[in-house]
1. Please specify each residue of the range 197-214 satisfying the condition of being touching a Cys at 6+ places or on another chain (Cβ under 8 Å) and crowded, with 21+ Cβ neighbours inside 10 Å.
2. Tell me the helices (runs of 4 or more DSSP H) entirely within the range 93-189 that contain at least 2 residues that are under 13 Å from the mean Cα position of the chain (by Cα), at pLDDT 95 or above and within 14 Å of the ligand (Cβ to nearest atom).
3. Being of a type in the set (F, W, Y), buried (at least 22 other Cβ atoms within 10 Å of the Cβ) and in a strand (DSSP E or B), is that true of even one residue in the range 14-32?
4. Would it be correct to say that T275 is of a type in the set (V, I, T), in contact (Cβ under 8 Å) with a residue 12 or more places away in the chain and assigned to a helix (DSSP H, G or I)?
5. Which ones in the range 3-13 are touching a strand residue (DSSP E or B) at 6+ places or on another chain (Cβ under 6 Å) and assigned to a helix (DSSP H, G or I)?
6. Residues in the range 64-76: is at least one of a type in the set (V, I, T), outside any helix (DSSP H, G or I) and closer than 30 Å to I191 by Cα?
7. Among the candidates A38, A32, A20, A5, which residue alone is farther than 24 Å from S251 by Cβ, more than 10 Å from the ligand (Cβ to nearest atom), within 23 Å of the chain's Cα centre (by Cα) and among the small types (G, A, S)?
8. Of all residues in the range 228-254 being open to solvent by 50 Å² or more (accessible area, probe 1.4 Å) and part of a loop (DSSP other than H, G, I, E, B), which is nearest to the ligand (Cβ to nearest atom)?
Amino acid sequence: MSKIAVLGSGGWGTALAVMADRMGHEVTLWSAFEDEIAAIRRHGQHTKLLPGIAVSPTITLTTNMACVEDAALVILAVPSFAIGSTAQKLSAYLQPGALVANAGKGIEEASCRRFSQVIEEALPQASVVVLSGPSHAEEVGRGVPTSLVAACRDLEKAQRVQDLLINDKLRLYTSSDVIGAELGGALKNVIALAAGICDGLQMGDNTKAALMTRGLAEIARLGVKMGAESYTFAGLTGMGDLIVTCGSMHSRNRRAGILIGQGVPPAQAVQQVGTVEGYLAAATAHRLAEKEQVPMPITEICYRICYENYSPREAVQALMSRPGCHEKDTVWF
Ligand SMILES: NC(=O)c1ccc[n+]([C@@H]2O[C@H](COP(=O)([O-])OP(=O)(O)OC[C@H]3O[C@@H](n4cnc5c(N)ncnc54)[C@H](O)[C@@H]3O)[C@@H](O)[C@H]2O)c1
């Protein structure tokens, strides 16, 4: 068994730590916040984000980043706004040849870069693997069968992550399509927000199915333009993650969308729900689509709802009133 350090003791980091501990790994869970670690220690669980999931005393809880020094795998599981700063801090502690898996999803706001690019720049001594796919922390924490993808241009590094984390509750596939895995994971959050808005407006199943299918088509359109493989978007980090995020009440993106559809102002809805990566991703995706000159009508409308006070009901009308076109011309295959 190996030493695994998980950075970020929110819902996802805690669930991954619990899973790795059950496999028999020597696990450390790090938080930037002393009070968060103290609360997990006191209650034996993360009562706020993962209630009812026991955090075993065999998991070392710490705020000391030196815990990564001799880890076989460092998992970054912080929200997207904290990935860059956490990677910067990590730099002082990480040994040459270290293996870092980023489990956070998003695109860096300031630069519109994918997070593996941001982390690779901050940590030139490390190999960076993307860990993504359909996974609610609440379910991974309960040992519900789940499948993820470990993606790295150097497939051997992805296989090392696979070997370390695969178990009878977590099936891990490898991929060398880092761009596709990251863009799928980040941009589906915008579509999940839109799916929630549809639910909040009490639209029907037809609307949601169309939104998800056409949402995936525009994510893939952008992804392929940016160098991703088209098949990735039909896989776990594309279609798989879209399905799980658009259909579940575990999804904070969808929950925020429902509130927005019910008339709550977007910024207030996000504040109410917590980490809503789709809200931030709507802004970065809007800029990326403009830069790459790729039409992304659903993402664009979502951006306008989030940041330009556009009415959700008018937005649906605008999407439905566009001129018709051939489906073949607007999918990614
Ligand atoms: N929750 C899930 O089911 C899930 C599943 C897959 C991927 N993800 C991704 O994982 C990432 C983390 O999601 P989450 O659900 O755990 O979020 P969360 O809201 O549960 O995480 C909050 C935690 O982030 C940490 N944090 C906050 N600010 C920080 C800072 N400035 N520096 C360092 N750490 C800070 C704290 O430990 C805090 O508890 C997101 O990008 C999310 O998209 C989440």
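1. Residues satisfying the conditions are I197, L211, M212.
2. 115-122
3. yes
4. no
5. Passing the criteria: G11, G13.
6. yes
7. Of A38, A32, A20, A5, the one residue that is farther than 24 Å from S251 by Cβ, more than 10 Å from the ligand (Cβ to nearest atom), within 23 Å of the chain's Cα centre (by Cα) and among the small types (G, A, S) is A5.
8. The selected residue is H250.
The values are calculated or read from the model by the stated rules, or taken from the named source; none is laboratory data. Bear in mind that the values here come from a model prediction, so they are computed numbers and not experimental data. Cβ coordinates were reconstructed from backbone atoms using ideal geometry, including for glycine residues, and neighbour counts include every protein chain displayed. Remember, those area values only see protein heavy atoms, side chains included, never the ligands or the DNA or RNA. Shrake-Rupley method; radii C 1.70, N 1.55, O 1.52, S 1.80 Å.
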